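Readers should treat all values here as calculations from the given coordinates under stated rules, not as data from a laboratory. Bear in mind that the values here come from a model prediction, so they are computed numbers and not experimental data. Cβ coordinates were reconstructed from backbone atoms using ideal geometry, including for glycine residues, and neighbour counts include every protein chain displayed.
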Amino acid sequence: IQMTQEFLDSKQYTELSILRYEAIYGHNYISPGGENIADEFINTLDLREGLSVLDIGCGLGGPAFRMASKSGVHVHGIDLSANMIRIAKTRLKEEELNNLISFTHANCLELQAFEEYHVIHSRDVFLHISDKNRLFEVIRRILVSGGQLGFSDYCLGVTKPSPEFKGYLQERNYSLLNVEDYTTLLKKAGFTNIIGKDKTLLFIKILEKELNNLEMAPLNKKDKSSMRKSWKEKLKRAQSREQGWAWFTASRD
């Protein structure tokens, strides 16, 4: 099943649920670890002033704001969720980085070959995409020669997935791979210098910290309760090694 804008905007990323996630991850963030981890991840990329970066699944723009303000790169952020892009554009005005950043509502599988980027950045987005062969084909095509891809993603762990986890993946329309499968796919797509790092231990630490953030977050009782349940389930899956988290970098020759 292909992920659609309707599915995202009406289910996981309604405007309300985006703001709920943000209450846990921090201002402008909707992925694990918020700003601290965004910075750590950005440091794995070779960013220099003037380079053009595509941020796939840019969310509320947090990483784009960091990359542009810290390294002076030009960032084009795209997201399949119209709700996300609408909020990101508002945040861009607040950050006053219009000269370096643009946000567009777009599907990464439909990017055209004439668009070229030095770096492609993505955080915890590819789990939404089932056709990963096509995804990496498109990414490779729009990277300049010598360009770099860096992404993090939820992965399958080393333990066999339980029926509950399988049900969760199905309900969310997620398509997860393990680290080895991702590495193989990148190789097959023609990428080189491929590094896949299992970051599940860091993920567990982040989840524990976020559970604490949740208690402090300005959310109502009902929201807190449902999010607490969701975070605890994630933590349990990560601890039992059913679910993992990994960071990848690769280059185009």
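Observations, loosely collected:
- For the set Lys93/Lys205; Lys199/Lys224; Lys93/Lys232; Lys132/Lys197; Lys93/Lys199; Lys197/Lys232, the pairs lying more than 29 angstrom apart at their alpha carbons are Lys93/Lys205; Lys93/Lys232; Lys93/Lys199.
- Counted charge near Ser52, where neighbours are those whose Cβ lies closer than 12 Å (Asp, Glu -1; Lys, Arg +1): -3
- Net charge contributed by nearby residues that have their C-beta within less than 13 Å of Ala88 (K/R +1, D/E -1): -2
- Compactness index (Cα Rg / 2.2 N^0.38 Å), the stretch 67-109: 1.14
- Most to least packed among 68-78, 169-179 [average Cβ atoms within 10 Å]: 68-78, 169-179
- Taken over the stretch 109-187, the percentage of Cα pairs per 5 Å bin, counting from 0 up to the bin with the maximum distance, is 3, 13, 23, 24, 17, 10, 6, 4, 1.
- Kirkwood Rh in Å, taken over all unlike Cα pairs in the stretch 153-218: 14.3
- Normalised per residue, the volume of the convex hull around the Cα set of the stretch 6-87 (Å³): 83
- Highest-first packing order for the peptide set 218-227, 36-45 is 36-45, 218-227, based on the mean count of other beta carbon atoms within 10 Å.
- Cα-only Debye scattering, the stretch 81-130: base-10 log of I(q)/I(0) at q = 0.31 Å⁻¹: -1.24
- Under the simplified labelling scheme, the Arg86-Thr192 pair shows an inter-label distance of 4.6 nm, with each label point 7 Å from Cα along Cα→Cβ.
- Along principal axes, Cα extents of the stretch 27-144, largest first, whole Å: 35, 29, 24
- Stretchable slack from Tyr174 to Asp46, in nm (0.36 nm times residue separation minus alpha-carbon distance): 43.1 nm
- Anchor Lys89: lysines whose Cα lies under 23 Å away (excluding residues fewer than 8 positions away in-chain): Lys11, Lys70
- Scaling the Cα radius of gyration of the chain by the globular reference 2.2 N^0.38 Å produces a ratio of 0.96.
- Binned Cα-Cα distances of the stretch 124-237, short to long, each 10 Å bin given as a whole percent: 11, 36, 31, 17, 5, 0
- Here the Karplus relation 6.51 cos²θ - 1.76 cosθ + 1.60, evaluated at θ = phi - 60°, turns the backbone of the stretch 35-48 into coupling constants of 5, 4, 6, 4, 4, 4, 5, 4, 5, 7, 9, 9, 9, 9 Hz, with x for every Gly and Pro.
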